[in-house]
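Have a look at the structure below, then the notes.
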Amino acid sequence: MVIVANASLSASWWFFLAQLEYVVLQRWEEVAEAGLASGSPFSPYVFGYAGEGLLRYWHSSLGGVVILLAALKLCRTGS
């Protein structure tokens, strides 16, 4: 139950922040996405489901991809 709640809340926040970019594009949205994604690799250990098979790898890799995309967008928009 905790696994589903964690994954759905994280995905909902990522989706919400991504949709804000259509309304008005600001740098804090990318920073917020990267900050939210930086907690994703640690969530299996915090919530106690690190031994549940491939979920640990999925959370780590998807968090890394979101951080990478947010960093690329930050570099692309300039300073």
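The values are calculated or read from the model by the stated rules, or taken from the named source; none is laboratory data. Keep in mind that what you see is a predicted model, and the values were worked out from it rather than measured. For neighbour counting, all protein chains shown are included, and Cβ atoms are generated from backbone atoms with ideal geometry for every residue, glycine included. These accessible areas exclude ligands, DNA and RNA; they are computed on the full protein's heavy atoms, side chains included. Shrake-Rupley method; radii C 1.70, N 1.55, O 1.52, S 1.80 Å.
Residues in the range 39-62 that are among the small types (Gly, Ala, Ser) and at pLDDT below 85: Gly39, Ser40, Ser43, Gly48, Ala50, Gly51, Gly53, Ser60.
The set of residues in the range 14-33 that are open to solvent by less than 80 Å² (accessible area, probe 1.4 Å), farther than 19 Å from Cys75 by Cβ and out of contact with any Asp or Glu (no Cβ under 9 Å at 6 or more places or on another chain) comprises Gln19, Val24.
Within the range 34-70, the set of residues being touching a residue at least 40 places away in the same chain (Cβ under 8 Å), open to solvent by less than 90 Å² (accessible area, probe 1.4 Å) and over 12 Å from the mean Cα position of the chain (by Cα) comprises Gly48, Tyr49, Leu55.
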